[in-house]
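The structure appears below as C-alpha cells.
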Amino acid sequence: MSEYSSLYINIEITEEKLNQFFLDKPVSQLLDDDWQRWWDSRKMYGKQSLEQLPAYSTATNRNVFDELLQDRDFGAKEFYDSASQEWIFIAVFFSENYNEILPMLSLLKSLASYQESTQRGVAFVYDFCWGHHEVMAYLEFADQKALLKEYITPGEIASVIIEEADRRIEQAVADFNNQFKD
C-alpha cells in the first residue's frame, strides 16, 4: 500500500470498562493461529514472516488514542454514546503499511477482554479515501474475543457496517475540513 488507509472502531463496551482499558498499559499479544492465518492471507511487497507482535511503548492505552487525536494529520475523532454503550474511534489517515498497523491490532485484540460476553463490535483498516479496493485488517468482537477475518475487499464486509463506517468517516472528513478552513 502506498496510500493511507482509515481506521474505524465501533464496539459496545461500558464506559467503566473502557476507562479501565484506557488506564492499562499496552501489551503485546501472543502469536497464535488467528494472527498467522490473517498474516498469511495478506499480499504485500517484501513480506516477511510474522514472528512477534509489537506493542505500543506508551504509559497507557489512552496515550495511544490521544496521540492520534492530537496530531491533526491523522484526522482522528472519538465518540462515546452512554445510552448504547458504544465507543467509536476514527482515524481518517491512519496507516499505509501492515507493519505499522500491528501494534494497533494487538491493542484492539486486548480490548475485547474488557467487554461483556454479550457485547459485539468491529474494527477495521481500509482504503476509505482511495476507492474502496482493500481491507488491510478486519477484527470482529464477540464473546470477549477479537478475531481477525481474512477480508480483502470492503465488499466482504456486511453492507450495514461498511455504510456506517463510510458515513462516520465522511463526517470526520467534513469536520476536519471545516476545522482548518482559512
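The values are calculated or read from the model by the stated rules, or taken from the named source; none is laboratory data. Source: prediction; values computed, not measured. All Cβ positions, glycine included, derive from the backbone under ideal geometry; neighbour counts span all protein chains shown. Quick note on the areas: whole protein, heavy atoms, side chains included, nothing else; ligands and nucleic acids left out. Shrake-Rupley method; radii C 1.70, N 1.55, O 1.52, S 1.80 Å.
Within the same chain, aspartates and glutamates fewer than 8 places from Lys25 are excluded, and of the rest, those with a Cα less than 17 Å from its Cα are Glu16, Asp66, Glu67. Please find, in a Gaussian network model of the chain (springs between Cα atoms separated by less than 10 Å), the residue of Gly75, Gly155, Gly131 whose mean-square fluctuation is greatest. Maximum among the listed residues: Gly131.
Of the GluC sites (Glu not before Pro) found in region 1-46, the ones in coil according to DSSP and having at most 12 other Cβ atoms within 10 Å of their Cβ are Glu3.
In whole percent, and with a 1.4 Å probe on the protein chains, what portion of the accessible area of the chain is carbon and sulfur? Of the solvent-accessible surface of the chain, carbon and sulfur hold 47 percent.
Quick one: accessible area per residue over the chain, 1.4 Å probe, rounded to a whole number of Å²? Walk me through the numbers before you get to the answer.
Values: 9540 Å² over 182 residues.
For the chain, the solvent-accessible area averages 52 Å² per residue.
Take the chain, mark every one of the chymotrypsin sites (Phe, Trp or Tyr not before Pro) that falls in a DSSP loop and has at most 15 other Cβ within 10 Å, then report the longest stretch left between them, sites excluded. Within the chain, the longest run free of exposed chymotrypsin sites (Phe, Trp or Tyr not before Pro) spans 46-179. Dividing the mean sequence gap of close Cα pairs (under 8 Å, 6+ apart) by how many residues the chain holds gives a relative contact order of 30 percent.
Counting only C-alpha contacts under 8 Å and six or more residues apart, can you give the relative contact order of region 44-112 as a whole percent? It would help to have the intermediate numbers written out before the result.
Numbers: 54 pairs, mean separation 22.3, N = 69.
The normalised contact order for region 44-112 reaches 32 percent.
Given +1 at the Cβ of Lys and Arg, -1 at the Cβ of Asp and Glu and no other charges, the dipole of region 33-166 around its Cα centre is 260 debye to the nearest 20. For region 110-174, the set of trypsin sites (Lys or Arg not before Pro) satisfying both a DSSP loop assignment and a count of at most 16 other C-beta atoms within 10 Å is given as Arg120.
Under 23 Å Cα to Cα from Lys43, which lysines show up? Leave out anything in the same chain fewer than 8 places away. Result set, ordered by chain and number: Lys109, Lys149.
The simple spin-label model puts a point 7 Å past each Cα toward its Cβ; for Lys43 and Gln179 those points are separated by 3.5 nm.
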